[in-house]
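Below is one structure; the comments refer to it alone.
Please treat every number below as a calculation from the coordinates, not as lab data. What you see is a predicted model; the values in this text were computed from it and never measured. Positions of Cβ are generated from backbone atoms using ideal geometry, with glycine treated the same way; all protein chains shown enter the neighbour counts.
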Amino acid sequence: MRKQYHFRPSPNGFHAWDVHRLIRLSAGFEARETPLEAIRELDEDYWFAGSAVSPTCRRIVEHVRLMEDADLRYPVILCAEGRLMDGMHRAAKALLENRSTILSVRFEQTPAPDYTDVTPDALSY
């Protein structure tokens, strides 16, 4: 799996979670079916918000390719508040396939971010 991070706004940039660490931390959690309607990020500017990158057709196609390769056997990861931390390509694929649910795991307590007040381009990929 490619190196990736989950970002949320912070006072001076973003909080960032290493997705590989989130996967390790949630490895023993019980996976459950979650309604796609509960994945609020499906109705938000998820991939391009706060980015200097524009959602060009080419960049959207890059995400479509990642959706095509996404394996729905792996659960998406939700924070304690039910917000998506990993798995948007899987969630989008499930939506595209007209599924009503997706496998998910959920933290009881959201882990602390790995980085605070960073910009995405400041991290190593």
Handout entry: Rel. contact order, % - alpha carbon contacts under 8 angstrom, at least six apart, the range 15-112
Key = 40 percent
Completion exercise
Counting Lys and Arg as +1 and Asp and Glu as -1 over every other residue whose Cβ sits under 10 Å from the Cβ of residue 71, the net charge comes to +2
Fill in the blank from the handout: Low-density loop GluC sites (Glu not before Pro), the range 1-82, at most 13 other Cβ within 10 Å, DSSP non-H/G/I/E/B, are 30, 44, 81
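Can you give the FRET efficiency for residue 52 and residue 8, using 1/(1 + (r/R0)^6), R0 = 22 Å, r = Cβ-Cβ distance, to the nearest 0.05? Please report the intermediate quantities before stating the final value.
Values: r = 18 Å, r/R0 = 0.80.
The value I calculate is 0.80.
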Fill in the blank from the handout: Which of 104, 54, 26 fluctuates most in a GNM of the chain (C-alpha springs under 10 Å)? That residue is 54
Problem - Radius 14 Å from Cβ of residue 18, net charge of other residues (Lys, Arg +1; Asp, Glu -1) - result: +3
